[in-house]
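The values are calculated or read from the model by the stated rules, or taken from the named source; none is laboratory data. The model shown is predicted, which means the values in this text are computed figures rather than measured ones. With ideal geometry, Cβ positions are generated from the backbone for all residues, glycine too; neighbour counts draw on all protein chains shown.
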Amino acid sequence: MGVIDEQAVRAQLERIVSSPGFVQSERLCRFLRFAVESKLSGDGERMKEYVLGREVFDRGEDYDPRLDPIVRVEARRLRAKLEEYYAGADRMDAVRIEVPKGGYEAIFRPREAAPGRSWIWAVISLAAVVMSGILYWQLSRREAVVLVMPASWMSGISSASEDWEKSLAESLAEEMVRTGASRVVAWPLVQRYFGEHREPLAIGRELGASRMLLVSVRGTEGLARVSLILVDAKSNNKLWVWEYAGQVLVRPQDRADLVRRICVAFAEKKR
């Protein structure tokens, strides 16, 4: 990364995913976020086709990259969209994020400015950092950051419902962002804690979350019980509890409906 720091890369990432070419494509935004966060965390070598198919595109354990080209197809789209983004006549970004051909690992490098105008780019970059800081401060005062996490990750007790619990937590975090139900910690950051079985409050502090939404799924004989507990990250007090009990939700549409119901209930709780 050279002299480019993580703050500059993450600021650039947010500019890209908020641009017209990306904002309407949740799949490409998710792909790019995963690539950037993996690189920043030192896990760039995890950017393999099988891993991406499972963790970005929700393929099952039987996913075979030789038969399903989803990752290669979306990688080509991502590279084309990034080129289109940086080709903008008025584009003044100081950092360039790329996913070179031949792999899926992201790289970051300074974007070249026009000769004799480096001071203009410096002023613009400084202004962007200041405005981002002001915006972040305002949002932090206005709304809490929520960490959505599977409860089983902290118990250390595996169950048959663990994969479903992870899938539900990830889908819920994305839906909360999409609908504006809450500000949440980015899923790639949360995913790094899988298997560590850390104390919930410590994880919340490390990720800058003021609240934690723990997702628990239990299933027996075709029935499922989904429990969500909202906890204050400082006091550990329970702030909200939501439960669902009924038939196991096998169809993706049924699970999507459940996620939407949870988001509606969470939004109503904040009123």
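Being under 22 Å from GLU170 (Cα atoms) and among the hydrophobic types (A, V, I, L, M, F, W, C) narrows it down to one residue among VAL95, VAL99, VAL71; which is it?
So the residue among VAL95, VAL99, VAL71 that is under 22 Å from GLU170 (Cα atoms) and among the hydrophobic types (A, V, I, L, M, F, W, C) is VAL71.
Could you list all residues from segment 5-37 that are more than 26 Å from TYR193 (Cβ to Cβ), in contact with a Lys or Arg (Cβ under 8 Å, 6 or more places away or on another chain) and at pLDDT below 90?
Answer for segment 5-37, where residues must be more than 26 Å from TYR193 (Cβ to Cβ), in contact with a Lys or Arg (Cβ under 8 Å, 6 or more places away or on another chain) and at pLDDT below 90: GLY21, SER25.
Scan segment 60-75 residue by residue and report those that are charged (D, E, K, R) and closer than 17 Å to ILE16 by Cβ.
Result: GLU74, single match.
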